[in-house]
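Asks: Following this message is one structure expressed as structure tokens.
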Amino acid sequence: MREYFRKTLDYATGNVIQKIILLFLLPVFSHFMIPEEYAVYTNLLIFISYASLIYLLGFQQALFSYFYHEKTPDYQYTLINTVYITLSTFGLFLSILIILFRRELSLLIVLNEQYSYIFILLGIIIFFDVIFAITMSILNMMESSRKFAFLTIIKHSILLVLIVGGAIFNRFTVTYVFQYLLVSSVISALLAILVMQKIIKNFRSQIQKKITFSYDILRNFLGFGIVMIPGTLALISMRVLDRYMLTYLSPNGLYDAGIYAIGYRIGVIIQFLVSIVSLVYFPYAMRIADQSNARKSYRKIYNYFIFFGCLLGVIVILFSQEIFRFFIDEAYFEASRIVFVGVISTFLHGVFNILNIGFYIKKIASKIAIAVICGALLNIFLNYLLIPRYGIYGAGVTSILAYIFIVIFSYFKSRKVFKVDYNLSYVLIALMILLCLAFLNFLIPIKFSYFVIKIMFIVILGLVSILLKKQDIIEQYHILKSGK
């Protein structure tokens with residue numbers, strides 16, 4: 001138990017610092033950028049997300065299923081080298097294409113050719129971000145939580161220093177921000193490679209036959225990963241495509257896209273909880289999949305996530321107006337009404353991830369892909385109908401409905417593949433609580449007396465939660481101890 005507590009603390013430290021830095025930077029962005037400029041910045045980040053997915057070839061998801069396919073140093077040494085050789089070669093090719101077609105991409109992504117030179121930076125950023133991302137995935141599967149946390153903190157600390165320096169010396173435009181991202185990406189990727197070299201060197205000392213590339217491993221990874229690309233692409237689309245559609249379909253165009261983006265970003269604060277569950281739980285879940293107590297442990301994690309995810313979501317929604325009033329430029333205050341969308345969508349995304357563990361255990365990528373592709377198509381269709389009429393609120397409702405769909409779809413499909421007695425009603429109860437609080441938040445004005453009442457409510461809720469969950473925590477301790 002002590003080992004898992006330490007790992008959770010390591011991952012939590014890295015993720016919490018990352019989220020704090022992102023929150024700290026939001027006032028800076030809102031001060032220096034008008035909503036239209038923030039929309040350009042956001043759309044370029046979305047492009048990075050889409051491009052990174054293609055660069056990675058679904059290898060991050062394949063790692064979950066195949067890293068422990070053979071639990072030997074020989075296999076893992078060959079696997080790691082095969083992954084790096086493949087992604088580096090393919091990534092270099094794609095980055096050259098981005099640089100060559102930068103003008104066309106600029107017109108497509110931000111509707112303006114004047115940002116085409118930024119795509120030169122993006123080609124380099126994505127290449128190094130992919131190297132960093134796959135390194136972090138490998139460290140996660142090896143449960144090297146300290147190295148993971150160290151690299152995460154370094155990457156985001158470098159970016160924080162550069163952006164704060166840019167703000168102080170009045171070097172803060174879209175171009176400068178992506179220059180800062182470039183420096184952060186290159187340095188953190190190089191550090192990640194140094195860390196991985198030490199790990200590979202350790203593997204090399206334990207093996208007899210040094211095979212640096214395996215077509216069999218590559219075939220397995222591509223067989224699983226390529227199938228996951230459409231699904232992951234659809235999942236990213238569910239998270240970010242509404243910004244693009246607001247740009248094109250909303251009466252206010254880039255302005256609405258900027259408002260929606262910053263409101264959603266505040267709601268995604270609870271993503272750190274989703275990340276911790278994935279980083280700590282997934283490697284552990286794959287390792288104990290063949291043990292008798294696995295299903296009971298999976299159900300416990302599911303229940304814990306719903307409980308604490310809902311609790312954290314309540315806090316973010318309740319104080320969303322105060323966050324904007326005191327930390328974000330007043331030009332963005334309307335975005336405080338969209339925070340609940342980011343909270344609920346992220347919460348449902350976390351539930352979806354947990355439900356999918358059976359598909360990873362059985363190495364069935366197609367079921368995950370089908371769920372998110374259908375959800376993405378629903379998202380696009382509803383956005384097309386609602387955004388022209390309701391703007392950012394239409395996009396928000398669409399996001400929540402699409403996530404509800406993929407959770408329900410995965411719940412019933414996963415029961416047929418790897419049955420765990422998850423209670424779907426817990427998700428529905430949490431969803432109703434978050435929606436009711438979001439509605440009440442529209443009615444409650446910002447006053448000191450209401451602020452005090454909110455704090456008292458959260459304190460009481462936290463104390464009650466600790467008392468209710470105390471017995472469950474003790475029980476989970478014995479499950480983890482027996483499963484080590």
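Nothing in this text is a laboratory measurement; each read-out follows from the coordinates by a stated rule. Everything numeric here is computed off the predicted structure, so don't read it as measured data. Virtual Cβ from ideal backbone geometry, glycine too; neighbours counted across all protein chains shown.
Asks: Before rounding to the nearest 500, sum -39500 (n - 2.57) across all DSSP H runs of length at least 4 in the chain and divide by the residue total; then give [θ] at 222 nm in deg cm²/dmol.
Replies: After summing the helix terms and dividing by residue count, I get -28500 deg cm²/dmol.
Asks: So how much slack lies between T173 and K201, counting 0.36 nm per residue of separation and subtracting their Cα-Cα distance, in nm?
Replies: Working it through step by step, the gained length comes to 5.8 nm.
Asks: Here's something else I'd like to know. So, R0 is 30 Å and r is the distance between the beta-carbons of R295 and I211; what FRET efficiency does that work out to, to 0.05?
Replies: 0.25
Asks: On to the next question. Just rank T212, T346, fewest to most, by other beta-carbon atoms within 10 angstrom.
Replies: Least crowded to most crowded, the residues run T212, T346.
Asks: Same structure, new question: Given H69, F308, I338, which one lies farthest toward the positive end of the charge dipole of the chain, if we put +1 on the Cβ of every Lys and Arg and -1 on the Cβ of every Asp and Glu?
Replies: It is H69.
Asks: Another question, if that's okay. For the chain, just run the numbers: alpha carbon Rg, then divide by 2.2 N^0.38 Å, N being how many residues it has.
Replies: 0.96
Asks: Give the cross-link partners of K198 among the aspartates and glutamates, using a straight C-alpha distance below 17 Å as the criterion and excluding same-chain residues fewer than 8 apart.
Replies: The reachable aspartates and glutamates, counting only those whose Cα sits under 17 Å from K198, are D74, E143.
Asks: A follow-up question, please. Over 5 Å intervals from 0, what percent of Cα-Cα pairs in the stretch 118-274 sits in each interval?
Replies: 2, 7, 10, 13, 19, 19, 13, 8, 5, 3, 1, 1, 0, 0
Asks: Pop a pseudo-label 7 angstrom from the Cα along the beta-carbon direction at both L194 and I34 and give the gap in nm to one decimal.
Replies: 4.4
Asks: Determine the gain in length on full extension of the stretch N112-E330; use 0.36 nm per residue of separation and subtract their C-alpha separation, reporting nm with one decimal.
Replies: 75.8 nm
Asks: Order by neighbour count: E143, E104, fewest other Cβ atoms within 10 Å first, most last.
Replies: Starting with the residue having the fewest Cβ neighbours, the order is E104, E143.
Asks: Can you pick out the pairs among K147/K201; K296/K413; K147/K362; K155/K209 whose Cα atoms lie more than 27 Å from each other?
Replies: Long pairs (Cα-Cα over 27 Å): K147/K362; K155/K209.
Asks: How high is the relative contact order of the chain? Use alpha-carbon pairs under 8 Å, at least six apart in sequence, and give a whole percent.
Replies: About 21 percent, as a whole number.
Asks: Let me ask something else. With r as the distance between the Cβ atoms of T72 and S425 and R0 = 56 Å, compute the FRET efficiency 1/(1 + (r/R0)^6) and round to 0.05.
Replies: Using R0 = 56 Å, I get an efficiency of 0.80.
Asks: With the crude spin-label approximation of a point 7 Å out along Cα→Cβ, what separation in nm comes out for L401 versus Y248?
Replies: 1.9
Asks: When a footprinting reagent is the concern and you count Cβ atoms within 10 Å, what order do F442, F352, F333 take, fewest first?
Replies: F442, F333, F352
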